[in-house]
């Protein structure tokens, strides 16, 4: 009966929302993390079999899933180890993973808290907080030159949160603008120690300097006219600093991580926690090779500044707590992070009038879906119900190293999947996992 309770009334929701899967705080003093046991009941056997197959088939060293319905206990599905090296620990709920672009919803939540408090306006010009953005220009011949004209309108906070600011991103931008991003060190991410040596040599040393340099670069489109994956959430980190009067990472730590008891969320992994960090891999064809070994990981170093678009390392347990708070409209375990209307706004379609979102290359952590999509603050949003699937309003995003997260606030379900390898779409996890979850649900309908 216990199993039936977990997937009973809310079970449809869990498996339905799973179809969306096609979609650092200042370093903490290490805090003891409760090592709660992984549930032993075979509640999700098809999902477990799938995860086991990934590992035995050599597709990944380890994988962890965290799936929740309502306020019932989170169900963790785990397989494999945190690295391919002999004796590597098992992958589990408290393993640390590079979540990359799954940092964006966290940054967006921080912004929404300040919007709720009246310290930021959703449609304020960014120049109100960062004066260097007062006179932006737009490229006129992006394929061949940096020639530009004055932008038609100012960049707003809404634009930063929804990737409609006209900003570029070194992972998708091309041509002369990409070379300028690289020359000026507009590289807000960490890959490995070797890459970091080169990036750190040109990267700004502070978030303030980063934002000011971004403002010197031409835009790819007039603000509010086009969805294009961008560094908008990284610039948003600087806005949060200015509006709150606190360092960006300190604000996230004190207003989100600490009250939610997210004790395994880091911009820099403390040395004492390095044993929990998974190794990140890259695929060359079908061959898997370590690109950022845990023992020497770049994430053990302090970053140049906290990267609001891709900087966090987190556990599946922690990310599930974050999603659980969103699912519950801003509250978890009696602690309120934001008002319900604030979270509802965050997970609604915030795109400017006339702008549409379809999808972004899955290798970057993006998403696609069988129904129309919009974009909220930091993540994609379903604009319609999928019959037998996610509800309108289902919100989520993924990470460049294969992580996935979604929450269906209507059906009160959520899911997190943690792996670490490049490219994110090396394997069809975003279709395989929902199919396995639906198969598991079928057992409870009979």
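What order do you get for 115-126, 250-261, 372-383 when each peptide is scored by the mean count of other beta carbon atoms within 10 Å, highest first?
372-383, 250-261, 115-126
How high is the relative contact order of the range 120-233? Use alpha-carbon pairs under 8 Å, at least six apart in sequence, and give a whole percent.
38
Peptides 347-353, 316-322, 418-424: what's the order by average Cβ count within 10 Å, highest mean first?
316-322, 418-424, 347-353
Hey, quick one: spin label on residue 144, modelled 7 Å out along Cα-Cβ, who in the range 166-194 has an amide N within reach, i.e. under 16 Å?
Correct set: 175-177.
Per the Kirkwood formula on distinct C-alpha pairs, the Rh of the range 166-261 is how many angstrom? Provide the component values of the computation, followed by the final result.
Working: mean 1/r = 0.0683 Å⁻¹.
About 14.6 Å for the range 166-261.
Over the range 176-220, what is the relative contact order in percent, taking alpha-carbon pairs closer than 8 angstrom and at least six residues apart?
Across the range 176-220, relative contact order equals 44 percent.
If each residue of separation counts as 0.36 nm, what is the full-extension length gain between residue 353 and residue 208 once their alpha-carbon separation is subtracted?
Length gained between residue 353 and residue 208: 49.2 nm.
I want to make sure I understand the PRE zone here: with the label point 7 angstrom from the Cα of residue 250 toward its beta carbon, which residues in the range 190-224 have backbone N atoms less than 15 Å away?
Within reach of a label on residue 250: 207-208.
Would you mind putting 428-438, 329-339 in packing order, based on average other-beta-carbon counts within 10 Å, highest first?
Ranking, from highest mean packing down: 428-438, 329-339.
So how far, in whole Å, is the C-alpha centre of the range 256-335 from the one of the range 180-198?
One Cα centre to the other: 20 Å.
Just want the ordering: 47, 103, from fewest to most Cβ atoms lying within 10 Å of their own Cβ.
Final ranking by Cβ density, sparse to dense: 47, 103.
Every number in this text was worked out from the coordinates using simple rules, so none of it is lab data. Here the structure is a predicted model, which is why all the values come from computation and not from measurement. Here Cβ is always computed from backbone atoms with ideal geometry, including for glycine, and neighbour counts include all displayed protein chains.
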